[in-house]
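Values in this text are rule-based calculations from the coordinates and carry no lab data. What you see is a predicted model; the values in this text were computed from it and never measured. No Cβ is skipped: glycine too gets one built from the backbone with ideal geometry, and neighbour counts run over all protein chains shown.
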């Protein structure tokens, strides 16, 4: 019998899985075995070959409820490598969109960003067009943005601290830029990062991206490179991202998680988190809240 784990995760602090709520779900789906309580925000069920049909029954019974329902393989569930996207994943912002506010061109920038993340525009030409908008902006504006507006996604620091504590290697792979990625990596403990870089001349942005540009396929290639370097298989990796340029990376990993993702990305991913924060990635791997490491 093939074992699967059905994981239900809600918004952190929502306490959706108090005993009475769990009992109500059990009564609605009698085929469910007893739940394992990971926290008031997460429970899981060990299932066999009927896992897919039980998941469908739970989705029907819980329709409209603010929690995520995901099925993961029991074997090799806890991962040895985390590879995460940066913008709108580890941090809450899209950096180019925020920089465009300074020159009154946010609407133009956001429109391009949104279409690119949905997959309506090819990533590389869209990135070039967005960066060109910022030509002439001072490098100090990047530091001001980091200091004043860049915030971590809820659960990011706990995700990193817990996975590091349990021996995982943590990497950041971003279509964004080294100025921000390097600072976030150091701040919360990523072991490594790969990203794009902005062209600079005399302390100002020159409107270009330093070659070669890291795109969708590059993210997947970097995942595979890191697996080879660490003597791991892609099956031992968990990846997380929100945009279309993350799809190849999500598909290549043993556990690819679409996090509060654009509709086309969420639809394509086998595992999606629409309600929980980044600690949901820990629950998906079988960690209980008591296993979490404070950042």
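Quick check: the distance between the Cα centres of region 18-57 and region 208-224, to the nearest angstrom?
40 Å
Taking the beta-carbon count within 10 Å as an exposure proxy, list 174, 53, 290 from fewest neighbours to most.
Values: 174 27, 53 11, 290 7.
The order, fewest Cβ neighbours first, is 290, 53, 174.
Show that you can apply the helix-only estimate: for the chain, add -39,500 (n - 2.57) for every DSSP H stretch of four or more residues, divide by all residues, and state [θ] at 222 nm to the nearest 500.
Details: 12 runs with 113 residues, N = 295.
Result for the chain: -11000 deg cm²/dmol, rounded to the nearest 500.
For 265, 293, 257, which order do you get if you count the other beta carbons within 10 Å of each Cβ and list the fewest first? Spell out each step's value before the answer.
Values: 265 23, 293 16, 257 27.
Exposure proxy ranking, most exposed first: 293, 265, 257.
If I model the chain as equal point scatterers sitting on the Cα atoms and use the Debye formula, what is log10 I(q)/I(0) at q = 0.15 Å⁻¹?
Reported log10 I(q)/I(0), two decimals: -1.13.
How far, in degrees from 0 to 90, does helix 178-188 lean away from the longest principal axis of the Cα atoms of the chain, to the nearest 10?
That works out to roughly 40 degrees.
Using only the Cα atoms of region 4-75, build the gyration tensor, take square roots of its eigenvalues as a ≥ b ≥ c, and label the shape rounded, prolate or oblate: rounded if a/c is under 1.5, else prolate if a/b is larger than b/c, else oblate.
Details: a/c = 1.56, a/b = 1.32, b/c = 1.18.
Prolate, since a/c reaches 1.5 and a/b exceeds b/c.
On a 0 to 90 degree scale, rounded to 10, what angle separates helix 51-61 from the longest Cα axis of the chain?
With rounding to tens, the tilt is 80 degrees.
For the chain, what is the percent of antiparallel DSSP beta bridges, rounded to the nearest 5?
50 percent
Taking region 184-278 on its own, what percent of its Cα-Cα pair distances exceed 22 Å?
On the way: 1760 of 4465 pairs.
Taking all Cα-Cα pairs of region 184-278, the fraction more than 22 Å apart is 39 percent.
How big is D, in µm² s⁻¹, for region 108-213 by Stokes-Einstein at 4 °C and 1.567 mPa s if Rh is the Kirkwood radius over C-alpha pairs? Please report the intermediate quantities before stating the final value.
Details: Rh = 15.3 Å.
After rounding, the answer is 85 µm²/s.
Helix 19-28 versus the longest principal axis of the chain: what angle, 0 to 90°, nearest 10, using Cα atoms?
70 degrees
With Kirkwood's inverse mean 1/r over C-alpha pairs for Rh, give me the Rg to Rh ratio of region 1-155, two decimals please.
On the way: Rg = 21.7 Å, Rh = 19.1 Å.
We get a ratio of 1.13 for region 1-155.
At 1.002 mPa s and 20 °C, plugging the Kirkwood radius over alpha-carbon pairs of region 183-240 into Stokes-Einstein gives what diffusion coefficient in µm²/s?
On the way: Rh = 13.7 Å.
Result for D is 157 µm²/s.
Please list 3-10, 205-212 highest first by mean number of surrounding beta-carbon atoms within 10 Å per residue. Provide the component values of the computation, followed by the final result.
Values: 3-10: 22.2, 205-212: 14.9.
Highest-to-lowest ranking by the protection proxy: 3-10, 205-212.
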